[in-house]
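The values are calculated or read from the model by the stated rules, or taken from the named source; none is laboratory data. Computed from a prediction, not measured in an experiment: that's the story for all the values here. Because the Cβ atoms are built from the backbone with ideal geometry, glycine has one as well, and the counts that use them run over all protein chains shown.
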Amino acid sequence: MRRAVIFDLDGTLTQSEEGIFNCVRYALDTLHQKELPEETLRRFVGPPLQYSFVHEAGMTEEMAAEAVRVYRSRYTEVGLFENRVYPGIRTLLAALKRRGDWVGVATGKPQGPSERILAHFGLAQWIDRIVGPADSADAGKAELIRAALPEAYDEAYMVGDRCFDMEGARKAGIRGIGAGYGYGSEEELRKSGAEYYAPTVQALTSYLCGKDVGRGWFLSMEGLDGSGKSTQLSYLTQTLERYGYEVVHTREPGGCPISEKIREIILDRDNQGMTEETEALLYAASRAQHVHDVIRPVLETGKLLLSDRYIDSSVAYQGGGRELGVKTVMEINQYAIHGLYPDITVFLDLPHEVAIARRYHDSVPDRMEMESSAFHARVEAAYREMIRLHPERFVCVDASEPKETVGEKMAEHVLKKLFALEAER
Ligand code: TYD
């Protein structure tokens with residue numbers, strides 16, 4: 001059975017308020033109109049702009065037409081990308097395509113900008129047809145929906161967050177699903193004909209795809225102590241969330257109760273007598289539990305798991321730093337991870353001398369950080385060896401640059417790699 005699912009864009013796939021608010025403010029300011037409160041600005045999301053400038057800003061039809069023109073001049077350049085994909089949307093679109101569904105977009109936003117947004121956020125790969133008004137004229141939603149549907153289908157849904165979407169669905173003769181996480185209220189959606197009301201993207205996903213949403217992505221971040229991992233982890237999380245990934249953050253050693261207890265033993269400054277073998281086995285033991293309790297279960301839900309360190313840390317610190325050898329450490333860890341490698345590993349590249357200098361500046365060193373410079377030189381060399389052996393998995397970023405630059409470059413590379421992986425699947 002061929003199923004078609006058509007989505008509205010604003011308030012359903014993306015949360016475009018930041019860009020929309022800024023552009024409405026810009027239009028009002030340019031036409032010397034008084035500012036509008038935020039709750040009024042919110043009502044601009046979804047309905048045709050001309051309609052909103054008349055009904056929300058009290059303009060004449062003529063002035064509203066001018067406001068739309070000013071709005072669009074800023075929107076096409078900047079406002080377009082002041083946007084966020086709702087977390088979980090990528091999982092939903094990928095799951096629909098895996099089922100073999102037709103996926104369309106029917107939006108009141110003009111065709112060109114809509115295509116650019118969907119391409120920019122890497123969503124276009126899952127969408128069979130994008131339909132928006134061809135020029136600045138506002139087309140009726142039902143017409144747009146009809147145009148976004150395939151030539152033949154057995155069953156079709158329109159997912160949208162406003163009454164215009166539900167009424168359009170009814171006129172086009174298809175079923176309406178209310179996206180309750182968007183800009184319309186539950187009452188508005190139900191009254192206008194939503195046959196199902198989805199309060200969250202996750203509810204929408206279960207309704208349309210059941211439990212089988214496909215595996216998520218596994219990312220790890222690596223680097224010497226002092227390479228700026230914590231800052232970059234939080235920056236990467238924010239960026240990934242803006243692109244619609246549901247990010248679950250975790251760390252090694254640790255990440256779950258048993259592994260956190262093992263972490264305390266490993267990093268305790270009093271445990272100077274710990275043998276190198278014990279240390280390597282404890283890291284691997286903590287990892288085995290972490291894989292079992294956190295990493296695999298999260299990946300099964302389709303989310304993106306971002307781990308602060310993983311197996312490469314053991315190869316670098318125990319294999320290189322402690323000189324147990326890459327091969328031995330890999331063997332121990334094979335038993336812990338059973339072949340579960342990250343899809344992408346970010347390496348924050350910083351010479352060990354620089355990393356050490358930064359670290360002493362920042363905090364009291366733990367047992368590992370108290371190690372000598374020669375130890376950290378070996379750690380660095382072992383990392384470089386891993387990168388040489390698995391170039392396809394690594395994203396290496398020069399971490400000596402200012403942290404904003406590092407963050408932007410890292411995010412750009414990671415997104416490019418993720419989009420490519422998504423396209424291959
Ligand atoms: P981390 O939590 O990154 O330390 P911090 O938060 O202080 O930067 O890692 C703790 C230490 O454990 C760090 O020095 C690296 C080391 N380590 C290993 O030696 N082997 C491993 O397998 C892992 C995961 C960490």
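Out of all the residues in segment 328-339, is one or more buried (at least 20 other Cβ atoms within 10 Å of the Cβ), assigned by TED's automatic domain parsing to the domain that holds residue 240, touching a strand residue (DSSP E or B) at 6+ places or on another chain (Cβ under 8 Å) and not small (Gly, Ala, Ser)? No. Do we find that residue 329 is of a type in the set (A, V, I, L, M), in a helix (DSSP H, G or I) and at pLDDT 95 or above in this structure? It is true that residue 329 is of a type in the set (A, V, I, L, M), in a helix (DSSP H, G or I) and at pLDDT 95 or above.
Only residues that are in contact with a Ser or Thr (Cβ under 8 Å, 6 or more places away or on another chain), of a type outside the set (A, V, I, L, M) and more than 10 Å from the ligand (Cβ to nearest atom): list them for segment 294-338, please. Scanning segment 294-338 gives 302, 303.
Restricting segment 28-52 to residues that are of a type in the set (Val, Ile, Thr) and within 31 Å of the chain's Cα centre (by Cα), the residue that is surrounded by the most Cβ atoms within 10 Å (Cβ to Cβ) is 45. Hey, does segment 256-276 have a residue that's under 26 Å from the mean Cα position of the chain (by Cα) and farther than 19 Å from residue 365 by Cβ? Checking segment 256-276: at least one residue is under 26 Å from the mean Cα position of the chain (by Cα) and farther than 19 Å from residue 365 by Cβ. In segment 357-374, the count of residues that are in contact with an Asp or Glu (Cβ under 6 Å, 6 or more places away or on another chain), in the same structural domain as residue 395 (by TED's automatic domain parsing), near the ligand (Cβ under 10 Å from one of its atoms) and not in a helix (DSSP H, G or I) is one or more.
Here residue 348 passes the criteria (1) modelled with pLDDT of 95 or more; (2) within 13 Å of the ligand (Cβ to nearest atom); (3) closer than 28 Å to residue 272 by Cα except the one numbered (3).
Every residue, every condition in (1) surrounded by fewer than 18 Cβ atoms within 10 Å (Cβ to Cβ); (2) modelled with pLDDT of 95 or more; (3) in a strand (DSSP E or B), yes or no:
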| site | (1), (2), (3) |
| --- | --- |
| 103 | no, yes, yes |
| 122 | no, yes, no |
| 150 | yes, yes, no |
| 156 | no, yes, yes |
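For segment 376-425, the tally of residues that are under 26 Å from residue 326 (Cβ atoms), within 19 Å of the chain's Cα centre (by Cα) and part of a loop (DSSP other than H, G, I, E, B) stands at 1. Residues of segment 203-218 include at least one that is free of Cβ contacts under 8 Å to residues at least 60 places away in the same chain and touching a strand residue (DSSP E or B) at 6+ places or on another chain (Cβ under 8 Å).
Please verify whether segment 53-67 includes one or more residues that are surrounded by 20 or more Cβ atoms within 10 Å (Cβ to Cβ) and within 32 Å of the chain's Cα centre (by Cα).
Kept after step one, since they are surrounded by 20 or more Cβ atoms within 10 Å (Cβ to Cβ), are these residues of segment 53-67: 53, 57, 59, 64, 67.
Filter again for within 32 Å of the chain's Cα centre (by Cα), leaving none.
No: zero hits.
Of the residues making up segment 199-224, those that are at positive phi and surrounded by 14 or more Cβ atoms within 10 Å (Cβ to Cβ) are 214, 223. Residue by residue through segment 398-425, note down the ones that are in contact (Cβ under 8 Å) with a residue 60 or more places away in the chain and within 17 Å of residue 234 (Cβ to Cβ). Hits for segment 398-425 are 399, 403, 406, 407, 410, 411, 414, 415.
Of the residues that sit in segment 133-148 and are buried (at least 21 other Cβ atoms within 10 Å of the Cβ) and in contact with a helix residue (DSSP H, G or I) (Cβ under 8 Å, 6 or more places away or on another chain), which one is farthest from residue 186 (Cα to Cα)? The extreme case among them is 144.
Considering segment 183-293, the qualifying helices (runs of 4 or more DSSP H), each wholly inside and each with 1 or more residues that are within 15 Å of the ligand (Cβ to nearest atom) and more than 25 Å from residue 383 (Cβ to Cβ), run over 257-267.
Can you find a residue in segment 170-178 that is closer than 30 Å to residue 420 by Cα and in a strand (DSSP E or B)? No, every residue in segment 170-178 fails to be closer than 30 Å to residue 420 by Cα and in a strand (DSSP E or B). For segment 277-292, a residue qualifies if it is under 29 Å from the mean Cα position of the chain (by Cα) and among the charged types (D, E, K, R), and exactly one does: 287.
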